[in-house]
Amino acid sequence: KVPIRRVGLYVPGGLAPLVSSVLMNVVPAQVAGVESIARASPPQKDHGGEVHPTILAACALLGVDEVYAV
């Protein structure tokens with residue numbers, strides 16, 4: 001089997017940052033051998049329209065450096 005080279009994953013975050021969604025999506029993709037992972041999460045008004053800092057921290061710890069506020 002050949003793993004998918006690149007995936008885009010979504011992290012919900014309307015009322016609260018859902019760090020568990022980061023883990024539940026990124027870790028399986030990494031285990032499967034996906035080379036490039038991009039994340040999208042809602043922009044947060046309280047954080048200048050950026051992704052919630054907790055989500056960014058979880059992505060950084062997992063090595064995901066492509067995160068979009070969408």
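The values are calculated or read from the model by the stated rules, or taken from the named source; none is laboratory data. These figures come from a predicted structure and were not determined experimentally. Every residue, glycine as well, gets a Cβ built from its backbone with ideal geometry; the counts of neighbours run over all protein chains shown. Note: areas computed on protein heavy atoms with side chains; ligands, DNA, RNA excluded. Shrake-Rupley method; radii C 1.70, N 1.55, O 1.52, S 1.80 Å.
Per-residue answers, yes or no, for (1) at pLDDT 95 or above; (2) open to solvent by less than 30 Å² (accessible area, probe 1.4 Å); (3) assigned to a helix (DSSP H, G or I):
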| residue | (1), (2), (3) |
| --- | --- |
| Ile4 | no, no, no |
| Pro12 | no, no, no |
| Ala38 | yes, yes, no |
| Leu56 | yes, no, yes |
| Cys59 | yes, yes, yes |
| Tyr68 | yes, no, no |
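Residues that are open to solvent by 30 Å² or more (accessible area, probe 1.4 Å) and assigned to a helix (DSSP H, G or I) within region 14-36 comprise Val19, Ser20, Leu23, Met24, Asn25, Val27, Pro28, Gln30, Val31, listed in sequence order. Annotation note: Cβ proximity below 6 Å between a residue of region 23-45 that is under 18 Å from Gly13 (Cα atoms) and a residue that is open to solvent by 30 Å² or more (accessible area, probe 1.4 Å) and small (Gly, Ala, Ser) (sequence gap 6+ or interchain) occurs for Ala38/Gly8; Pro43/Gly49; Pro43/Ala69.
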